[in-house]
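Student: Pasting in a structure now, in structure tokens, and then I'll have a few things to ask.
The values are calculated or read from the model by the stated rules, or taken from the named source; none is laboratory data. As the structure is a prediction and not an experimental result, all values here were calculated from the model. Methodologically, a virtual Cβ is constructed for each residue, glycine included, from the backbone with ideal geometry; neighbour enumeration extends over all protein chains shown. Each accessible area value is taken on the protein alone, full model and side chains, heavy atoms only, with ligands, DNA and RNA left out. Shrake-Rupley method; radii C 1.70, N 1.55, O 1.52, S 1.80 Å.
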Amino acid sequence: MNAAMAPNAQGVGTPGRRTVYSLCGMCAVRCPMEVTVEDGRATWLQGNPHDVAIGASLCAKGAAGLALEADDERPQTPLIRLGERGEGRWRRASWDEALDYIAEKLQETMAEHGSRGIALSDRGGPFVDLTRTFVTALGSPNYFNHDATCGGNVHNAARATYGFSHAGLIPDLMRTKHLVLYGRNIIESLMVKEAKGFMAAVSRGMRVTYIDPRASKTACKASRYWQVRPNSDYALNLALIHEILKRECYDKAFVDRFVLGMDVLRKAVKDSTPEWQAPHTGIPAAELRAFVDEIAGQMPHVLFNPGWMTARHKQSFQVSRTALILNALMGNLECPGGYIIAKPPEYYGRKSLQALTTRVPKVTEPRVDGAGTTRPTWDPSIGMLHQLFAAMETGQPYGIGAYIAYRHDPLTAMPDTEALKRALDKLNLLVSIDVRYCETGWYADVILPESTYLERANILTQLPGPVPVMLMRDQAVAPRFDSRPAWWIFREILRRMGQKEALDFETIEELWNWQLEGTGVTVAELRETGIVPLAEVPRITPRDKLRFPTPSGKIEIDSSLLAAAGLPVLPPYEPREAPTGDAFTLLFGRPPTLAHGQSLNNPLLNEIAPEQQVWLHPERAAALGVRDGDMVEISGGAYSGRLKAHVTPWIHPEAAFLLHGYGATVPVATRALGRGIADQRLQHGKLYEFDPAGGGNALTETIVRIRPAPEHEQEVAR
Ligand SMILES: Nc1nc2c(c(=O)[nH]1)N[C@H]1C(S)=C(S)[C@@H](COP(=O)(O)OP(=O)(O)OC[C@H]3O[C@@H](n4cnc5c(=O)[nH]c(N)nc54)[C@H](O)[C@@H]3O)O[C@H]1N2
Ligand SMILES: Nc1nc2c(c(=O)[nH]1)N[C@H]1C(S)=C(S)[C@@H](COP(=O)(O)OP(=O)(O)OC[C@H]3O[C@@H](n4cnc5c(=O)[nH]c(N)nc54)[C@H](O)[C@@H]3O)O[C@H]1N2
Ligand code: SF4
Ligand SMILES: [Mo]
């Protein structure tokens, strides 16, 4: 079969100056962006000013987008592995060769395991209609997003309590009086719009309570900082609820009408007094009471952010769920200054984009991870990735033979690299589709280079919101190398698998026009501004019309999903022992200038990337004989590495903190190689440890050992 070039979108490469609308591709937030193209070359990137919330702003990573495109240290053609997995010997292949190879291996997998033996994971987000369609067209239920180590617990907690994802909660920060954040590091782990909205609200006088064992930059913007013990926020929330109920400072009218299970709640928090929580969290009872005094006068304009990831431990789901319950007590849902519930186009009498998934028959086979069946609280539309790896390893409940990681780097994103490699080793086919050499790609059988976001177009997408919008990522420039856009790659694999109809489009414009059928929006309109709002002004649903999409129509403290799963609706808090001696709870986070593992090899971001250091509390450091700036050895399982100690009281004594995204091993990505260590490799034994209700990996239960590095290494450091 002849894999022709993917056609460029209209206008690409034409002489003169053009403005092209895109979505930034430098992290998964995908901010709306405006690209200036001069004589076929991208010369300037900025936020899309047609989206007032972002204006012309981008973050440092976004501004480094031109450097990603200009970088030669990325796969330039498809590559097929020679040698052993991970050995790093490759041969260049044509697209035809690589795609034929993949199709042949997929056929082998289907013969051995059936269609369900094929799985794909991606980053999730606005373009999943494409990947879900691809997997479904192949006859497999096994699509996964990356949320097992990101928002899985938070998403599933919201689903079990409100009936929709936390992403459906849009804070009206300009009118909020008090924002409570559990390790949600808005300033550094940023989304440009949210960070701008937050800063504007802070300058207007919004109060912020920031709770984190580590004082991040967001703590610096807060009016109250609580250095909570690692993984103890659930105890804190149970005590907050206790105190709020005791004083009856909650929105009774809202609760009576919209909340199911107040009796269960009262029972669960009966003994969780402010004094009870103090030894668990380290927060004095008096401080907790002072906080409740304050918010009692600010209701309903007090928002408890349910987190993006929250800390990831075996009770994270309940941290998030109790934050959502606190919001219900504040009565802050669907009111000005509260959380506005995101609306789909249909709310405003408009029509959604046609979903590509409607072009393929539904798959009825149960998912390999049990999501939605044996695990009712795990959303089957996103899955729980570690259980895919468990199935690869054990063949239970059924075998998995082929796995495609698209825009996803599990060897960086999942804990315990060695355990994950053992599962991947069982595969007949491992494919990585990426714009750069990621760890998973280097371990794969085939690397398919996707064109970077500036060099390609994506399917159209829509975002629900106070006002829902349609968004376009148009192609700005022609690809520099022999790369292809995802829609074309998946179409070509399906064609080879006899599933031509699913994505039977010759050009991206043809695909877009199909998506837009009946919506009243045109490709030309989207090309004009990149973003088309589907209503003139946001509307708030009046209280008498408000219903939650749960089985009862209410906010379910008494959750039907948890009951179906046989899990307690509000289990007792599980106390944790403090690690002592050389043992520390390993916490991690991100700097504002890097996105996970994907940015450190970017020529510009590499220059400004902070040095990775281990944060240690002065008391614990002194006990180990470590001074600020000394080299220490940090180890977890068989993996260890050496870093400088950053000795500071702004980290809880029980914890050690590291930036994520370092310690890459791919030799041809030379700028990232040799910089820092990989926190995921320290998370020994955590691949199959997870929160049973939320499903997310228990990453922050990792215990590492720290000791001073030998004297001769200290001298190198000094
Ligand atoms: N130990 C530890 N583990 C973690 C975290 C942590 O802090 N510590 N963070 C967790 C979190 S919150 C998340 S979200 C995950 C993130 O994990 P991932 O989703 O794997 O990470 P990303 O870096 O967002 O992107 C994955 C891959 O997509 C590639 N990519 C970028 N743009 C494109 C594109 O346009 N096309 C294609 N095909 N590929 C592209 C990148 O090069 C990268 O290799 O990791 C999680 N795991
Ligand atoms: N610059 C940049 N921005 C990003 C990303 C990126 O890679 N780079 N990634 C995006 C993605 S995918 C995500 S998911 C978000 C993540 O956004 P956040 O959820 O804000 O994530 P982190 O940066 O991991 O920050 C986690 C914080 O939680 C704290 N923490 C650890 N344990 C506990 C605990 O037990 N209790 C409390 N209260 N806090 C704890 C850590 O000390 C750390 O400061 O960021 C997004 N924005
Ligand atoms: S947050 Fe920064 S890197 Fe991420 S999409 Fe927005 S501008 Fe790009
Ligand atoms: Mo994430």
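Student: Assuming Val12 fulfils every condition listed in (1) surrounded by 19 or more Cβ atoms within 10 Å (Cβ to Cβ); (2) within 15 Å of ligand 1 (Cβ to nearest atom) apart from one, which condition is it?
Tutor: (2)
This table checks each residue for (1) more than 30 Å from Met26 (Cβ to Cβ); (2) within 16 Å of ligand 3 (Cβ to nearest atom); (3) touching a Leu at 6+ places or on another chain (Cβ under 8 Å).
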{"site": "Arg175", "(1), (2), (3)": "yes, no, no"}
{"site": "Ile187", "(1), (2), (3)": "no, yes, no"}
{"site": "Lys193", "(1), (2), (3)": "no, yes, no"}
{"site": "Lys196", "(1), (2), (3)": "no, yes, no"}
{"site": "Cys220", "(1), (2), (3)": "no, no, no"}
{"site": "Arg229", "(1), (2), (3)": "yes, no, no"}
{"site": "Ser232", "(1), (2), (3)": "yes, no, no"}
{"site": "Ala239", "(1), (2), (3)": "yes, no, yes"}
{"site": "Lys252", "(1), (2), (3)": "yes, no, no"}
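Student: Just one of the numbered conditions (1) open to solvent by less than 10 Å² (accessible area, probe 1.4 Å); (2) modelled with pLDDT of 95 or more is not true of Lys105; which one?
Tutor: (1)
Student: Here's something else I'd like to know. How many residues does segment 649-679 contain that are open to solvent by 10 Å² or more (accessible area, probe 1.4 Å) and either under 14 Å from Gln227 (Cα atoms) or not in a loop (DSSP other than H, G, I, E, B) (or both)?
Tutor: Within segment 649-679, residues that are open to solvent by 10 Å² or more (accessible area, probe 1.4 Å) and either under 14 Å from Gln227 (Cα atoms) or not in a loop (DSSP other than H, G, I, E, B) (or both) number 6.
Student: Another question, if that's okay. Return a yes/no flag: does segment 201-220 have any residue that is under 28 Å from His617 (Cβ atoms), more than 16 Å from ligand 1 (Cβ to nearest atom) and assigned to a loop (DSSP other than H, G, I, E, B).
Tutor: yes
Student: Given the criteria aliphatic (A, V, I, L, M) and touching a residue at least 60 places away in the same chain (Cβ under 8 Å), does Ala638 qualify?
Tutor: yes
Student: Now for a separate question. State whether the residues of segment 46-55 include one that is within 32 Å of the chain's Cα centre (by Cα), open to solvent by 50 Å² or more (accessible area, probe 1.4 Å) and either within 16 Å of ligand 2 (Cβ to nearest atom) or modelled with pLDDT of 95 or more (or both).
Tutor: Yes, some residue in segment 46-55 is within 32 Å of the chain's Cα centre (by Cα), open to solvent by 50 Å² or more (accessible area, probe 1.4 Å) and either within 16 Å of ligand 2 (Cβ to nearest atom) or modelled with pLDDT of 95 or more (or both).
Student: Tell me yes or no: at least one residue of segment 83-95 is within 16 Å of ligand 2 (Cβ to nearest atom), buried (at least 17 other Cβ atoms within 10 Å of the Cβ), in contact (Cβ under 8 Å) with a residue 12 or more places away in the chain and over 20 Å from Pro485 (Cβ atoms).
Tutor: no
Student: Within segment 122-148, restricting attention to residues that are part of a strand (DSSP E or B) and not charged (D, E, K, R), which residue is nearest to ligand 2 (Cβ to nearest atom)?
Tutor: Filtering first and then ranking leaves Asn145.
Student: Going by the structure shown, is Leu600 under 30 Å from Asp71 (Cα atoms) and modelled with pLDDT of 95 or more?
Tutor: Criteria met by Leu600.
Results for (1) within 20 Å of Phe198 (Cα to Cα); (2) surrounded by 21 or more Cβ atoms within 10 Å (Cβ to Cβ), shown as yes or no for each residue.
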| site | (1), (2) |
| --- | --- |
| Arg289 | no, no |
| Pro306 | yes, yes |
| Thr322 | no, yes |
| Gly338 | yes, yes |
| Gln354 | no, no |
| Thr358 | no, no |
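Student: To continue, here is another question. Go through segment 242-268 and count every residue that is open to solvent by 30 Å² or more (accessible area, probe 1.4 Å), under 18 Å from Tyr162 (Cα atoms) and among the hydrophobic types (A, V, I, L, M, F, W, C).
Tutor: Result for segment 242-268: 3.
Student: If only one of Arg312, Arg321 is within 16 Å of ligand 1 (Cβ to nearest atom), of a type in the set (Lys, Arg) and not in a strand (DSSP E or B), which one is it?
Tutor: Matching residue, one of Arg312, Arg321: Arg312.
Student: Using the structure shown, decide if Arg456 is within 16 Å of ligand 1 (Cβ to nearest atom), modelled with pLDDT of 95 or more and open to solvent by 50 Å² or more (accessible area, probe 1.4 Å).
Tutor: It is false that Arg456 is within 16 Å of ligand 1 (Cβ to nearest atom), modelled with pLDDT of 95 or more and open to solvent by 50 Å² or more (accessible area, probe 1.4 Å).
Student: How many residues are open to solvent by less than 20 Å² (accessible area, probe 1.4 Å) and under 17 Å from Ala371 (Cβ atoms) if we restrict to segment 151-177?
Tutor: Going through segment 151-177 one residue at a time, the tally reaches 8.
Student: Hey, Leu687 hits all of (1) surrounded by fewer than 22 Cβ atoms within 10 Å (Cβ to Cβ); (2) at pLDDT 95 or above; (3) assigned to a loop (DSSP other than H, G, I, E, B) but one; which does it fall short on?
Tutor: Only one criterion in (1) surrounded by fewer than 22 Cβ atoms within 10 Å (Cβ to Cβ); (2) at pLDDT 95 or above; (3) assigned to a loop (DSSP other than H, G, I, E, B) is unmet by Leu687, namely (1).
Student: Contact list please: Cβ distance under 6 Å, first residue in segment 33-44 and within 10 Å of Val12 (Cα to Cα), second residue among the small types (Gly, Ala, Ser) and at pLDDT 95 or above, pairs at least six apart or on different chains.
Tutor: Listed by first residue and then by second, the contacts come to Val37/Ala476.
Student: Condition first: of a type in the set (Asp, Glu), open to solvent by less than 20 Å² (accessible area, probe 1.4 Å) and under 30 Å from Ala93 (Cβ atoms). Can you find one or more residues in segment 510-532 that meet it?
Tutor: No: segment 510-532 contains no residue that is of a type in the set (Asp, Glu), open to solvent by less than 20 Å² (accessible area, probe 1.4 Å) and under 30 Å from Ala93 (Cβ atoms).
Student: Next question, about the same structure. Considering only residues that are β-branched (Val, Ile, Thr) and in contact with a Ser or Thr (Cβ under 7 Å, 6 or more places away or on another chain), look in segment 286-324 and name the one that is farthest from Ala201 (Cα to Cα).
Tutor: By that ranking, first place goes to Val319.
Student: Restricting to segment 567-590, name every residue that is closer than 22 Å to Arg681 by Cα, crowded, with 21+ Cβ neighbours inside 10 Å and not aliphatic (A, V, I, L, M).
Tutor: Phe584, Thr585
So that you can scan it fast, the table gives a plain yes or no per residue for (1) in contact (Cβ under 8 Å) with a residue 60 or more places away in the chain; (2) not acidic (Asp, Glu):
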| residue | (1), (2) |
| --- | --- |
| Phe164 | yes, yes |
| Ala167 | yes, yes |
| Leu179 | yes, yes |
| Ile186 | no, yes |
| Gly197 | yes, yes |
| Ala200 | no, yes |
| Asp212 | no, no |
| Ala215 | yes, yes |
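Student: If you check Ala98, Ala119, Ala53, Ala103, which single one turns out to be under 14 Å from Ile404 (Cβ atoms) and not in a helix (DSSP H, G or I)?
Tutor: Ala119
Student: While we're here: Quick one: is Glu38 more than 16 Å from ligand 1 (Cβ to nearest atom) and under 20 Å from Leu526 (Cβ atoms)?
Tutor: When the stated conditions are applied, Glu38 does not pass them.
Student: Scanning segment 24-35 for residues that are within 14 Å of ligand 1 (Cβ to nearest atom) and out of contact with any Cys (no Cβ under 7 Å at 6 or more places or on another chain), which turns out most open to solvent (accessible area, probe 1.4 Å)? Step through it out loud before you land on a result.
Tutor: Filtering segment 24-35 down to residues within 14 Å of ligand 1 (Cβ to nearest atom) leaves 24-31, 33.
Checking the rest, the ones that are also out of contact with any Cys (no Cβ under 7 Å at 6 or more places or on another chain) come to 25-29.
Details: Gly25: 16, Met26: 12, Cys27: 26, Ala28: 22, Val29: 43 Å².
Filtering segment 24-35 for residues that are within 14 Å of ligand 1 (Cβ to nearest atom) and out of contact with any Cys (no Cβ under 7 Å at 6 or more places or on another chain), the one most open to solvent (accessible area, probe 1.4 Å) comes out as Val29.
Student: Any chance segment 149-165 includes a residue that's among the charged types (D, E, K, R) and either within 15 Å of ligand 4 (Cβ to nearest atom) or in a strand (DSSP E or B) (or both)?
Tutor: Looking for residues that are among the charged types (D, E, K, R) and either within 15 Å of ligand 4 (Cβ to nearest atom) or in a strand (DSSP E or B) (or both), one finds none in segment 149-165, hence no.
Student: Looking at segment 517-552, which of its residues are charged (D, E, K, R) and more than 30 Å from Ala563 (Cα to Cα)?
Tutor: Across segment 517-552, the qualifying residues are Glu517, Glu525, Arg527, Glu528, Glu536, Arg539.
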